[in-house]
Every structure is written in C-alpha cells, then in structure tokens.
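The values are calculated or read from the model by the stated rules, or taken from the named source; none is laboratory data. Model, not experiment: these values are computed from the prediction. Heads up, the Cβs are rebuilt from the backbone with ideal geometry, glycines too, and the neighbour counts pull from every protein chain shown. Surface areas here come from the heavy atoms of the whole protein model, side chains and all, with no ligands, DNA or RNA. Shrake-Rupley method; radii C 1.70, N 1.55, O 1.52, S 1.80 Å.
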Amino acid sequence: MQFLDGLKLSKEIKEEIKQEVDLLIEQGKKTPHLAAILVGQNGASQTYVSSKIKDCEQVGFQSTLVELDETISQKELIAEIQKLNENDEIDGFIVQLPLPKHIDQEEVINAIDPKKDVDGFHPANFGKMALDMEAFIPATPFGILQLLSRYQIPTKGKHVVVIGRSRIVGKPMSILMGRKDYPGDCTVTLVHSSSENIENFTKQADIVITALGVPNFLKGEMIKDEVVIVDVGITRVEDATATKGYRIAGDVDFDSVRDKASWITPVPGGVGPMTRAMLLQNTLLAYKRNS
Ligand code: GUN
C-alpha cells in the first residue's frame, strides 16, 4: 500500500503558485486577493478560515477576513456579499459554511458573483462544471482530481464508488469522475445515507471516495484487493492524549484496509491540505480570468 501524499503535493502546488505571484510582483502587478466571510464563532470554521488566511500569506496573496456576528440578519449578510462582489480589489471570496440556522444558505450562495465564487458553490458554477464548461470546481473535489492525476492513478473505465452526496464533495465528485477527460471517464456509483447494502457496491469498486464523516466506516471486508481509497472524512474525535484534546479521524478503518488497498490518502495529510491548495489555485484562476 502506498500513500497519496496530499501534504507533499500541496506544498509543490503552493510553491508553483508562489512562483507565479513572485513573477507578478516583479512585473509590478497587483497580487491576487482572497476574502473570507466568517459568521459566528464555530470553532472548526474559525480554524479553517485562519488556515486559509495563513495559506494566502505563504504564497504572497493578499487576504481579507470579514468577521460577522452570529446574529447578523440575512439582509445584512447579503449586503456584505454585495460589497465584495463590487470591490475590484478582491479577486475571489468564500463564505465559510455552515451558517447560523436563521440564515438561508442557498440564498447566500446565490448572492455571490459566480466570477468570484472560488469555492465553486454557486449554481452557475455547479451547472457549468456538470456540462464540462469553464467553471470553478469546488476545492475538495479539485484537490482529489489533482491527487489522482499527479500520482497517475488509472481511471478510464474504472468503477468509482462515491460515498456521500454533499454539495461540497460527494455530488460534485460523482459528476467529475463521470466526465470524459482524465482523471475521470469512470463508471460512477453514488451511495449515501439512505443506500441499502453499501458494501455490495464498495466491494465492486476500483476506486472508493468516501465523504461521509463517520469514523471507521469503510472496513477491509467492504473492499476488493488493490482498491484506491480517497478518504475525505475529517471528524473531530475526543482524544485525551492529543494536545488539543481531539484528533482528526477519517472515514476509513485504516488498519483493516491497509493490506488490501493499493493507494490511500492518509488522514491527516491527504485530502485536507489539497483542499487548501486548490482554494489558492481557484483564486489565482479568478485573478487571471477577471483581470
Ligand atoms: N465548510 C466546510 N468546507 C468548506 C469549504 O470548502 N468552503 C466553505 N466556504 N465552507 C466550508
């Protein structure tokens, strides 16, 4: 079994981005600028957003963090989005999810200018992605495609089983793996929380992409030999021995699959860092498309 090393690959991608930014600086040009809207005090969201800001610093991007109170109204939040839509200094921005319960997430995402939607969550981007048109691909699926292609994992004609149908990972991933171009051209099965006998499908898979958020869900007896496993799970589980009091667990029961899988993404150090790198890549793309 070998690792699809997302940490190593993300560093290479960030280095490539940094070199492009250095060139822009040399040419006296404006540097790419990413903004993030964070609503409320969700601990995981705060961590993710501060990582994204740190990543911007690393590659030489400008960044802006817009922190808003948990009690902000829908109207006020959309007004903040409009400001970013109209701000020519900002190339792309994200609204960190989840949002507080009183906010209509769909309406918020719809308010983002698709040209600045570097998360690729706007229906216009999602639709274009599904139709093979130029679009922003959500960072996690985009990162998984990069992992598969840079490790030259064969995908044409293979059977991929995607576990989970979220708008951020499972749904776009299932569409992307079915597209004709590499890495894709797969036979795709999408299973989810209502699927019966999931193991009947995973046992037939050449590639399993699991984005369920249930630690140890995928076990050795559910897969065939030589399978490629992409583990998108990032569940916080209590661990008194860990410095923060918790550790990050993937969806895969690692010990039971290690002798069967040919390739696997580690958790942490697999998909997570790739997601972060691809948000930077999308911001650079937005900069190039809009300037
Ligand atoms: N919450 C969890 N993942 C993401 C992401 O990729 N983008 C945003 N905006 N929110 C998230």
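Within the stretch 129-147, can one find any residue that is in contact with a strand residue (DSSP E or B) (Cβ under 7 Å, 6 or more places away or on another chain) and among the acidic types (D, E)? Looking for residues that are in contact with a strand residue (DSSP E or B) (Cβ under 7 Å, 6 or more places away or on another chain) and among the acidic types (D, E), one finds none in the stretch 129-147, hence no. Listed by position, the helices (runs of 4 or more DSSP H) inside the stretch 1-87 whose residues that are open to solvent by 40 Å² or more (accessible area, probe 1.4 Å), within 14 Å of the ligand (Cβ to nearest atom) and over 19 Å from T275 (Cα atoms) number at least 3 form an empty set.
Out of V257, V271, V230, report the one residue that is closer than 22 Å to C56 by Cβ, open to solvent by less than 20 Å² (accessible area, probe 1.4 Å) and of a type in the set (V, I, T).
V271
The set of residues from the stretch 254-291 being assigned to a helix (DSSP H, G or I), aliphatic (A, V, I, L, M), away from the ligand (no atom under 16 Å from the Cβ) and under 20 Å from the mean Cα position of the chain (by Cα) comprises just one member, L284.
Can you go through T241, T265, T283 and tell me which one is open to solvent by 20 Å² or more (accessible area, probe 1.4 Å) and either out of contact with any Asp or Glu (no Cβ under 6 Å at 6 or more places or on another chain) or at pLDDT 95 or above (or both)? Walk me through how you get there before you give the answer.
Details: T265 fails: open to solvent by 20 Å² or more (accessible area, probe 1.4 Å); T283 fails: open to solvent by 20 Å² or more (accessible area, probe 1.4 Å).
The unique qualifying residue is T241.
Open to solvent by less than 50 Å² (accessible area, probe 1.4 Å) and within 16 Å of the ligand (Cβ to nearest atom): does that describe A249? So A249 does not fit the description; no.
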